[in-house]
Amino acid sequence: MRDRRVLVDVALGRAFADTVITDGEFLDVATGRVKTDVNIAVKGERVASIGDVDHAVGPETEVIDAGGMIITPGLVDSHYHIESSRLSPRRHAQLTLPSGTTSLFEGSHEICNAIGLDGVRYMLEEAKGLPQRIYIALSSATPPTPYERTGGYIGGEEAR
């Protein structure tokens, strides 16, 4: 859902939500407070409205009763090294997604040091189609100095 106008239409009652979540407790990560008895209208994969969302319920809207469970935004880990866990991206996602980590930025220098571009290609392939968003960052240079010898090499030409 890239069109914000549709989200505004749902929020203003001019269109129906795809999903409405009722009776949740919402963790406001900006204030650290938990708000009780919260209702959320969702259109596509985006939140359109939080609060009174009765106007957003249409005949095709899926209504989910959260039953007082806490609802949080997805968590983003901005600096991570999956290969340090010795898990594949797929297995790592299976273990971390249930705890709320919906996205992470993978610094691939360790796998680059070990096997070079083949390691980066492996990580990219493994990350495809996962429900967790994994953004692979390419190391600027592997090894980082000319005084090291590793199993892989990535220089300026390879990084292109």
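Taking the DSSP beta bridges in region 4-71 as the whole, what percent of them are antiparallel, to the nearest 5?
On the way: 11 of 17 bridges.
Taking every DSSP beta bridge within region 4-71, about 65 percent pair in antiparallel fashion.
Evaluated at 25 °C with a viscosity of 0.890 mPa s, what Stokes-Einstein diffusion coefficient in µm²/s does region 4-71 have when Rh comes from the Kirkwood expression over alpha-carbon pairs? Before the final figure, lay out the partial values.
Details: Rh = 11.9 Å.
Here the translational diffusion coefficient equals 206 µm²/s.
Can you pull out the GluC sites (Glu not before Pro) in region 1-60 that DSSP calls coil and that have at most 14 other Cβ atoms within 10 Å?
Values: sites: Glu25, Glu45, Glu60; in loops: Glu45, Glu60.
Of the GluC sites (Glu not before Pro), the ones in loops of region 1-60 whose Cβ has at most 14 other Cβ atoms within 10 Å are Glu45, Glu60.
Test of the criteria: in region 79-144, which trypsin sites (Lys or Arg not before Pro) are in a DSSP loop and have at most 13 other Cβ atoms within 10 angstrom of their Cβ? Don't skip to the answer; put the middle values down first.
Numbers: sites: Arg86, Arg90, Arg91, Arg121, Lys128, Arg133; in loops: Arg86, Lys128.
Loop-located and lightly packed - Arg86, Lys128.
Could you tell me the calculated FRET efficiency between Asp118 and Ser78, based on Cβ-Cβ distance and R0 = 25 angstrom, to the nearest 0.05? Walk me through the intermediate numbers first.
On the way: r = 26 Å, r/R0 = 1.03.
Here the calculated transfer efficiency is 0.45.
Report, by chain and number, residues whose modeled amide H sits under 5 Å from the one on Ser108, excluding near sequence neighbours (fewer than 5 apart, same chain).
Amide H neighbours of Ser108, under 5 Å, 5+ apart: Ala137, Ser139.
For the chain, rounded, prolate or oblate, judged on the Cα gyration tensor with a ≥ b ≥ c (square roots of eigenvalues), a/c < 1.5 rounded, else prolate if a/b > b/c?
Numbers: a/c = 3.21, a/b = 2.56, b/c = 1.26.
Here the chain falls in the prolate category.
Only bridges with both residues in the chain count here: give the DSSP antiparallel percent, nearest 5. Show your work: numbers first, answer last.
Working: 12 of 27 bridges.
Among the beta bridges of the chain, antiparallel pairing accounts for roughly 45 percent.
Read the figures in this text as sums done on the coordinates, not as results from a lab. If you're wondering where the values come from, they're calculated on a predicted model, not measured in any experiment. When we count neighbours, we look across all protein chains shown, and the Cβ atoms used for this are built from the backbone with ideal geometry, even at glycine.
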